1. Could you list, in sequence order, the residues of segment 294-318 that are small (Gly, Ala, Ser) and either closer than 15 Å to Thr252 by Cβ or over 18 Å from the mean Cα position of the chain (by Cα) (or both)?
2. How many residues are surrounded by fewer than 17 Cβ atoms within 10 Å (Cβ to Cβ) and under 10 Å from Leu38 (Cα atoms) when one looks only at segment 390-410?
3. Would it be correct to say that Ala237 is under 13 Å from Ala172 (Cα atoms) and in a loop (DSSP other than H, G, I, E, B)?
4. The conditions are (1) surrounded by 23 or more Cβ atoms within 10 Å (Cβ to Cβ); (2) over 19 Å from the mean Cα position of the chain (by Cα), and Asp71 fails exactly one of them. Which is it?
5. Go through (1) more than 24 Å from Leu403 (Cβ to Cβ); (2) out of contact with any Lys or Arg (no Cβ under 9 Å at 6 or more places or on another chain); (3) of a type in the set (A, V, I, L, M) one by one and return the number of the condition Val211 breaks.
6. Go through (1) at negative phi; (2) in a helix (DSSP H, G or I) one by one and return the number of the condition Glu95 breaks.
7. Filter segment 206-242 for residues that are open to solvent by 60 Å² or more (accessible area, probe 1.4 Å) and over 26 Å from Leu269 (Cα atoms) and give the result.
8. Condition first: open to solvent by 40 Å² or more (accessible area, probe 1.4 Å) and either without any contact (Cβ under 8 Å) to a residue 12 or more places away in the chain or within 18 Å of Ala185 (Cβ to Cβ) (or both). Now tell me which residues in segment 333-371 satisfy that.
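The values are calculated or read from the model by the stated rules, or taken from the named source; none is laboratory data. Predicted, not measured: the structure shown is a model, and the values here were computed from it. Cβ: placed from backbone, ideal geometry, glycine included. Neighbour counts: every protein chain shown. Side chains included, ligands, DNA and RNA excluded: accessible areas come from the protein's heavy atoms. Shrake-Rupley method; radii C 1.70, N 1.55, O 1.52, S 1.80 Å.
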Amino acid sequence: MIDTGNTTWLLISAALVMLMTPGLAFFYGGMSRAKSVLNMMLMSFTSIAVVSVLWVVVGHSLTYSDGGPVDAFIGGLDYVGLSSLIGEIEPADGEGGGGYPLLVDAGFQMMFAVITVALISGAIADRAKFGAWILFAPLWALLAYFPVAHWVWGSGWIGGLEIGGYEVIDFAGGTAVHINAGAAALALTFVLGRRKGFGSESMRPHNLPFVLLGAALLWFGWFGFNAGSAYAADGTAALALVNTQVATAAATGAWMLVERFRYGKVSALGFASGAIAGLVAITPAAANVTPLGAIVVGLLSGAVCAYAISWKFKFKYDDALDVVGIHMVGGIIGSLVLGFLAAGVTGGSDGLLYGGGFGLLAVQAIAVVGVMVYSFVITWIIAKVIDLIIGFRIPEDVETNGLDHELHAESAYAFDELDETETEAVSSPTPPGGETTSPQVKA
């Protein structure tokens, strides 16, 4: 029978995770320059369209069905098109879990695939051909996301990895989502190269209210991302929700303290970036640390990621919107810290600080390195092939003029029209009767 409570929670969680991608569009769009904001936002929105269809056609099957002789690496084709899941229900497990239609699970996980692809786009702001991105998105999902998600959450090698009785913990996507996307972002920066003026011209965010709005939507949606991964309306979901909130709050404070120490001021961008760093780091650990442990996770991620975003200037890779510094680094922190802070009281294994052995830290490290290396290599290959066939980077004049006008014949802000209207208002003759018309009213 269907458990309506669990089913409702998963439906709501799927909707919350879907909202995260438009939130990401605002977050990235606000961080971009005004001349390319629409292009940046469209990269997120088109990920929704492309990956959603691909997930139904083959993605869910490659992630969750049995792959036979290659099951350690990739799933099979049992669920192609999802028709075989119609009417099927996950059996109740007697402990409050299960009882939901399998299509709800497919829809929930679809949203994870969508945002993982969209996350990568922030690293290549201002310089990628839109057509190349549309080609890259499904190829990367097929060759990187679906296999890695199968490794972690399906029946792949990471899910089956065990050392000393310890198994890999990735509750909601530290490896499959954030390290995967962050390593891919790093690979793309090497293929596309640096933006014109990188390191010498100001490339500040053009719209900080957009950034804060995007961060707020991401924070809100992340409760579905993490607490929804409990797959039940139960105590695990409650723990994940509380941990998500306090880790994020702690990370904002840590990031702002680093800013105050380094620059003498705190910033709205720093607050928003700190929030995302905390959300990323708590994702793999949301149900396996105590609330006090979650605060520690947040403090670590906020402080470390605040420094990590400046590494691009030291090592000369142009991670435009800090995907590497926040998502890859934050995902690594959240995954590895479980080796120390995982608490058996939550129902899982104990980390080193709770009397556990080194086995948990070892399996976490293997999973982190495995995903990072695979994602970087496969992304570099995909991007290089696309670059050789159609070219991935836009010409320099297009980059200079702005991608919105050159690639989409649109502009986020109608500066020309506004200037013309104001000029007309100021130069208009005095009306009969000697009354003057305010330029503001005329405009």
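1. Residues satisfying the conditions are Ala294, Gly298, Ser301, Gly302, Ala303, Ala306, Ser310.
2. Residues flagged as surrounded by fewer than 17 Cβ atoms within 10 Å (Cβ to Cβ) and under 10 Å from Leu38 (Cα atoms) within segment 390-410 amount to 3.
3. Answer is no for this residue.
4. It fails just one condition, (1).
5. The failed condition is (1).
6. Condition (2) is where Glu95 drops out.
7. Selection gives Ala233 alone.
8. Asp350, Gly355, Val369
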